[in-house]
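Data first, discussion second: the structure below is written as structure tokens.
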Amino acid sequence: MKTPSLFQSLLAMTLVVAAAASCRNESRKSTEVENHRDAASEIAEDMEASLPALPYIAIFDDTSEKLGVEKNPDFNGSSLTVDALTQALITNYPEIKPEVDRISNDTLYVRIADAQYLTQQMGSSGAMMYLLEATYAYTELPEVNAVNFSFKEGDHAIPGTYTRERFK
């Protein structure tokens with residue numbers, strides 16, 4: 001059997017060292033990618049936690065085909081203002097931009113200038129879920145018992161005054 005030359009031995013050692021270094025780089029790159037993923041996940045969680053939550057969530061029961069409502073455990077009652085509730089609605093339904101005009105007696109007046117998405121694109125159940133969540137959100141305010149929605153009527157939603165009783 002022939003013994004390897006010095007050149008062949010050096011070449012073999014160089015290949016082994018290069019392979020090992022390559023593995024360490026991949027390992028480092030993999031760790032860096034994993035760290036970036038973890039950081040992005042933390043940022044997303046922080047952003048989600050800082051987004052305003054609605055006080056109630058509409059639930060559609062497929063069995064009974066009825067709309068229900070339940071308290072949102074993520075809702076922070078300390079942020080109970082008209083502006084915070086409006087922002088929470090916009091965050092949850094970015095295609096719908098409610099504008100609160102005023103509160104008169106026990107009714108809050110909301111105008112939706114462009115209600116195309118609400119009335120034509122969400123379907124009847126989606127539109128009712130929005131109106132329910134908006135009504136329950138605004139009537140969580142101590143001085144509000146009804147919400148008057150003003151928008152151009154469409155196939156899936158009609159304007160008017162809504163109370164919690166309307167959804168029971």
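The values are calculated or read from the model by the stated rules, or taken from the named source; none is laboratory data. Just so you know, these numbers come straight off a predicted model, no measurement behind them. Virtual Cβ from ideal backbone geometry, glycine too; neighbours counted across all protein chains shown.
In this structure, is Ser79 surrounded by 13 or more Cβ atoms within 10 Å (Cβ to Cβ) and at pLDDT below 90? Don't jump to the end; show me each part of the working.
Working: surrounded by 13 or more Cβ atoms within 10 Å (Cβ to Cβ): yes; at pLDDT below 90: yes.
For Ser79, the condition - surrounded by 13 or more Cβ atoms within 10 Å (Cβ to Cβ) and at pLDDT below 90 - is met.
Are any of the residues in region 160-168 free of Cβ contacts under 8 Å to residues at least 12 places away in the same chain, in a strand (DSSP E or B) and not hydrophobic (A, V, I, L, M, F, W, C)? Please lay out each step first, then the result.
As a first pass, look at region 160-168 and keep what is free of Cβ contacts under 8 Å to residues at least 12 places away in the same chain: 165, 168.
Of the ones still in play, those that are also in a strand (DSSP E or B) are none.
Looking for residues that are free of Cβ contacts under 8 Å to residues at least 12 places away in the same chain, in a strand (DSSP E or B) and not hydrophobic (A, V, I, L, M, F, W, C), one finds none in region 160-168, hence no.
Considering only region 83-96, state which residues are surrounded by 17 or more Cβ atoms within 10 Å (Cβ to Cβ) and assigned to a helix (DSSP H, G or I).
Of all residues in region 83-96, those surrounded by 17 or more Cβ atoms within 10 Å (Cβ to Cβ) come to 85-86, 88-89, 92-93, 96.
Once the filter is applied, which keeps residues that are surrounded by 17 or more Cβ atoms within 10 Å (Cβ to Cβ) and assigned to a helix (DSSP H, G or I), region 83-96 yields Leu85, Thr86, Ala88, Leu89, Asn92.
Among the residues of region 123-130, is there at least one that is under 20 Å from the mean Cα position of the chain (by Cα) and on the phi > 0 side of the Ramachandran plot? Before you say what the answer is, go through the steps one by one.
Let us first name the residues in region 123-130 that are under 20 Å from the mean Cα position of the chain (by Cα), namely 123, 125-130.
Among the residues that remain, those that are also on the phi > 0 side of the Ramachandran plot are: 123.
Looking for residues that are under 20 Å from the mean Cα position of the chain (by Cα) and on the phi > 0 side of the Ramachandran plot, one finds at least one in region 123-130, hence yes.
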Verdict on Thr161 being at pLDDT 95 or above and either acidic (Asp, Glu) or within 22 Å of Pro52 (Cβ to Cβ) (or both): no
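Those residues that are closer than 21 Å to Asp61 by Cβ and either surrounded by fewer than 22 Cβ atoms within 10 Å (Cβ to Cβ) or modelled with pLDDT under 95 (or both), I need them from region 137-158; list them, please.
Of region 137-158, the ones closer than 21 Å to Asp61 by Cβ are 137, 156-157.
Residue satisfying the conditions is His156 alone.
A quick yes/no check of all residues on (1) touching a Gly at 6+ places or on another chain (Cβ under 6 Å); (2) charged (D, E, K, R); (3) at pLDDT below 95:
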position: Pro52; (1), (2), (3): no, no, yes
position: Ile90; (1), (2), (3): no, no, no
position: Glu95; (1), (2), (3): no, yes, no
position: Gln121; (1), (2), (3): no, no, no
position: Glu133; (1), (2), (3): no, yes, no
Would you say Ile103 is within 23 Å of the chain's Cα centre (by Cα), farther than 21 Å from Glu70 by Cβ and modelled with pLDDT of 95 or more? no
